[in-house]
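Working notes for the structure below.
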Amino acid sequence: MSQVASTVAINLARKLHEAGIRNNAVLQAVSNTPRELFLDGALAHKAYENTALPIGQGQTISQPYIVARMTELLLQHNPSKVLEIGTGSGYQAAILAQLVPQLCTIERIKALQIQARQRLKRLDLHNVSFKYGDGWKGWQNKAPFDAIMVTAAAASVPEALLMQLSECGVLVIPVGEDSQQLLKITRHGNEYSSQIIEAVKFVPLINGELA
Ligand code: SAH
């Protein structure tokens, strides 16, 4: 990606550092990524605020802090192949694509998927495979993944995602309905350990029917 960091994006990265994000590569990716490109023109003036914003179809672009936090958790494991569930605007995918060699991303709303694909192409990010489908089932043909990040809240942990982790893989996922917790689940062969990271607020991960 040959993007020049803008002052507003650098300021956002600074705010994230103040909020506790310590991974410099993640902060650099935030500085280099024009978040306004992932929003409707009418909301572009809010692009560098540390808040979630609507992206149409009842969905939201996640709060930059949580994008950075989840990315930081995942990078601790040095993943080569990563799966993101819930492409949405494509912003989280754009951050990840700058930091990992290979990214796969799934979205169940076709219009969002098409738009996200165009945005990443425009940013010259070409290490991303897109799928229109139900992320609850993962992406069997591309498995195993060193890391999986779910950017919508699941009522329970989808079994397929646990199965598609590599032997030491990690799954970062918000779980719950009214009250949600961000979990980091690590695979150790046939065993899994789970750690609660923090309380979060995501749109729901839908199980089944495509939009
Ligand atoms: N990562 C996104 C966040 C988008 S919000 C971003 O950076 O903008 C969550 C997204 O998950 C929505 O676009 C929603 O349509 C999608 N989603 C919900 N359930 C899904 C499922 N089962 N499979 C794939 N995508 C899903």
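The values are calculated or read from the model by the stated rules, or taken from the named source; none is laboratory data. Quantities reported herein were computed from a predicted structural model and do not represent experimental measurements. Heads up, the Cβs are rebuilt from the backbone with ideal geometry, glycines too, and the neighbour counts pull from every protein chain shown. Each accessible area value is taken on the protein alone, full model and side chains, heavy atoms only, with ligands, DNA and RNA left out. Shrake-Rupley method; radii C 1.70, N 1.55, O 1.52, S 1.80 Å.
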Within the stretch 157-181, residues among the hydrophobic types (A, V, I, L, M, F, W, C) and under 19 Å from ILE106 (Cβ atoms) come out as VAL157, ALA160, LEU161, LEU162, MET163, LEU165, VAL170, LEU171, VAL172, ILE173, VAL175
All-but-one check, GLU84 against (1) within 11 Å of the ligand (Cβ to nearest atom); (2) at pLDDT below 95; (3) among the acidic types (Asp, Glu), failing number (2)
| Residue check: is GLY20 on the phi > 0 side of the Ramachandran plot, more than 16 Å from the chain's Cα centre (by Cα), more than 14 Å from the ligand (Cβ to nearest atom) and not basic (Lys, Arg)? | yes
Scanning the stretch 40-82 for residues that are open to solvent by less than 30 Å² (accessible area, probe 1.4 Å) and hydroxyl-bearing (Ser, Thr, Tyr), the one nearest to ARG108 (Cα to Cα) turns out to be SER62
Within the stretch 34-50, of all residues that are within 13 Å of the ligand (Cβ to nearest atom) and not charged (D, E, K, R), the one nearest to PRO64 (Cα to Cα) is ALA47
Condition set among the charged types (D, E, K, R) and assigned to a helix (DSSP H, G or I), scope the stretch 122-147, selection least open to solvent (accessible area, probe 1.4 Å): answer is LYS142
Of the listed residues (VAL157, VAL170), the one being part of a loop (DSSP other than H, G, I, E, B), more than 12 Å from the ligand (Cβ to nearest atom), hydrophobic (A, V, I, L, M, F, W, C) and under 22 Å from SER62 (Cα atoms) is VAL157
Does ILE206 fit the bill of being under 21 Å from LYS137 (Cβ atoms), of a type in the set (A, V, I, L, M, F, W, C) and touching a strand residue (DSSP E or B) at 6+ places or on another chain (Cβ under 6 Å)?
no
Taking the stretch 176-211 and the residues there that are among the β-branched types (Val, Ile, Thr) and open to solvent by less than 30 Å² (accessible area, probe 1.4 Å), the one that is nearest to the ligand (Cβ to nearest atom) would be VAL200
